[in-house]
Every structure is written in C-alpha cells, then in structure tokens.
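Structure first, commentary second.
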Ligand code: GRF
C-alpha cells in the first residue's frame, strides 16, 4: 500500500506537529509528512520541520487578493505534493471553502475541549471559567463551521477548582499528543468512515471501543 502523504498546517509552536513527527519516526504511524504550510513566518513549527528534513512554506494571507484566493493557493500546494491528509496542528484560522472542497473529510483538526462544548479560541480558558469538572480534547474532521465537523477521537481529563487556564491546557496538551497521532493512524489504515455527522471506526471490537481513548495520564 502506498504511504500516506501528510500536509501539516500550523501557526505556532507546533507541539502537535512534533508528536506526529515522533510517531512516524518511531514507526507507530506509517505515513510521511511532505510539507509544512504556515501563515506565520515566526512559527517555531518551521524549525521543527527543518530539523526533520520537512519542506516548509510560508504563505501569508495578506499577500493574496482574497480569502478564497489564499485557500486556493494552499490547496494547490498540497495537491502538487499529492497530499492525502491535511493535518491542522494549531492552525489559528478558519479554513476557507476552496481548501475544504478540495480535501473533503481529508482535513483533521485538534481542539483543546470536548466538542461541542467550548469551540473557538481558548477552549481551555472557557472550560475553566465555566467550571466544568471534566474537559479534554477532540480530533475531528473539518467542515465549513468553527470546530463543528465529525468527531474522530475524544479524550477526557479532570478539571480542578484551582486550575488556571495554563494548568488545564498543560494537562489537555499531554493527551492531544496521544490522540492526534492515533487519529492520523486510523486514517492511514483506512479505518475511518464518515456516516452523516458521525465517524465509524472500523476494525475495533464493540467492547474495545471505549479503549480507543487513552486513559487519563498520571
Ligand atoms: C493546541 O492546544 C491545539 O489543541 C490547538 O492549538 C494548540 C496548538 O498547539 N488547536 P501546538 O502548536 O500544537 O503546540
């Protein structure tokens, strides 16, 4: 089977990008990352790409005539590299329609909350402010809405009364780094099927489904 080619979009530090790189390098995930595209010339993700021999492209929205033009350009760069899956790893923009249309159900995002609670920016801060007792993270396919696409994997962490946004973010991030590579692996193994707004994960015994989510770390 041909190796899945991944294109990563990231705007910042890229720790999720790193988690995916690491899972490929360890042999856990059989895929290759062919390009990093960033909208931020100062993104630390660029350095991570360099260290691992991954090409990076800086595409800045204001250099394009319109939002659609920007996303057409992004889609073009991904297509010429024969990307099969687009991974949004801290890409801080709402993806435009030309990219979504070009990669329908082949774009994944990670969100630091249990969707549909707390979409948008600062999911962890919203959870702290609301006072929920459980939070977590969600990997989902991207559709036209903001954090609204079909859910692939979710994992939960406790939220404590004393938590600051940073403390909760840190706890959630450790799980992000586990479930994002796992979701990409399921995609690479062709085990994800979108049915309406739900995702069916193939090749998991019904009794084992609970364990798709990793346990809460110490
Ligand atoms: C993560 O919290 C992710 O859930 C959100 O943006 C942050 C990106 O962090 N979408 P990093 O750049 O992967 O370190």
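The set of residues in the stretch 10-28 that are surrounded by 17 or more Cβ atoms within 10 Å (Cβ to Cβ) and more than 14 Å from the ligand (Cβ to nearest atom) contains only 24.
Confirm whether residue 78 is buried (at least 18 other Cβ atoms within 10 Å of the Cβ) and more than 16 Å from the ligand (Cβ to nearest atom).
yes
Restricting attention to the stretch 187-218 and to residues that are under 29 Å from residue 133 (Cα atoms) and in a helix (DSSP H, G or I), the residue that is modelled with the highest pLDDT turns out to be 206. Any residue at all in the stretch 158-169 that is within 17 Å of the chain's Cα centre (by Cα), within 16 Å of the ligand (Cβ to nearest atom) and closer than 19 Å to residue 118 by Cα? The answer is yes, given that some residue of the stretch 158-169 is within 17 Å of the chain's Cα centre (by Cα), within 16 Å of the ligand (Cβ to nearest atom) and closer than 19 Å to residue 118 by Cα. Among the residues of the stretch 118-135, the one identified as in a strand (DSSP E or B) and within 12 Å of the ligand (Cβ to nearest atom) is 135. Checking 45, 31 one by one, the residue that is over 25 Å from residue 121 (Cα atoms), in contact with a helix residue (DSSP H, G or I) (Cβ under 6 Å, 6 or more places away or on another chain), at pLDDT 95 or above and crowded, with 21+ Cβ neighbours inside 10 Å is 31 and no other. Among residues of the stretch 162-189 that are more than 24 Å from residue 105 (Cβ to Cβ), those with a Cβ under 6 angstrom from a residue that is within 13 Å of the ligand (Cβ to nearest atom) and at pLDDT below 95, sequence gap 6+ or separate chain, pair up as 171/157; 172/157.
Might you let me know whether the stretch 136-155 holds any residue that is assigned to a strand (DSSP E or B), within 11 Å of the ligand (Cβ to nearest atom), more than 13 Å from the chain's Cα centre (by Cα) and closer than 28 Å to residue 201 by Cα? Among the residues of the stretch 136-155, at least one is assigned to a strand (DSSP E or B), within 11 Å of the ligand (Cβ to nearest atom), more than 13 Å from the chain's Cα centre (by Cα) and closer than 28 Å to residue 201 by Cα, which makes the answer yes.
A quick yes/no check of all residues on (1) within 16 Å of the ligand (Cβ to nearest atom); (2) touching a strand residue (DSSP E or B) at 6+ places or on another chain (Cβ under 9 Å); (3) in a helix (DSSP H, G or I):
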| residue | (1), (2), (3) |
| --- | --- |
| 57 | no, yes, no |
| 65 | no, no, no |
| 69 | no, no, yes |
| 73 | no, no, yes |
| 83 | no, yes, no |
| 93 | yes, yes, no |
| 98 | no, no, yes |
| 110 | yes, yes, no |
| 114 | yes, yes, no |
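Look at (1) more than 16 Å from the ligand (Cβ to nearest atom); (2) crowded, with 23+ Cβ neighbours inside 10 Å and you find that residue 36 fails only one, number (1).
Which members of the stretch 158-170 meet the condition of being touching a helix residue (DSSP H, G or I) at 6+ places or on another chain (Cβ under 9 Å) and either assigned to a loop (DSSP other than H, G, I, E, B) or crowded, with 21+ Cβ neighbours inside 10 Å (or both)? Across the stretch 158-170, the qualifying residues are 159, 160, 163, 164, 168.
The values are calculated or read from the model by the stated rules, or taken from the named source; none is laboratory data. Just so we're clear, the structure is a prediction, and the values are computed from it rather than from any experiment. Reconstructed Cβ throughout: ideal geometry from the backbone, glycine too, with neighbour counts over all protein chains shown.
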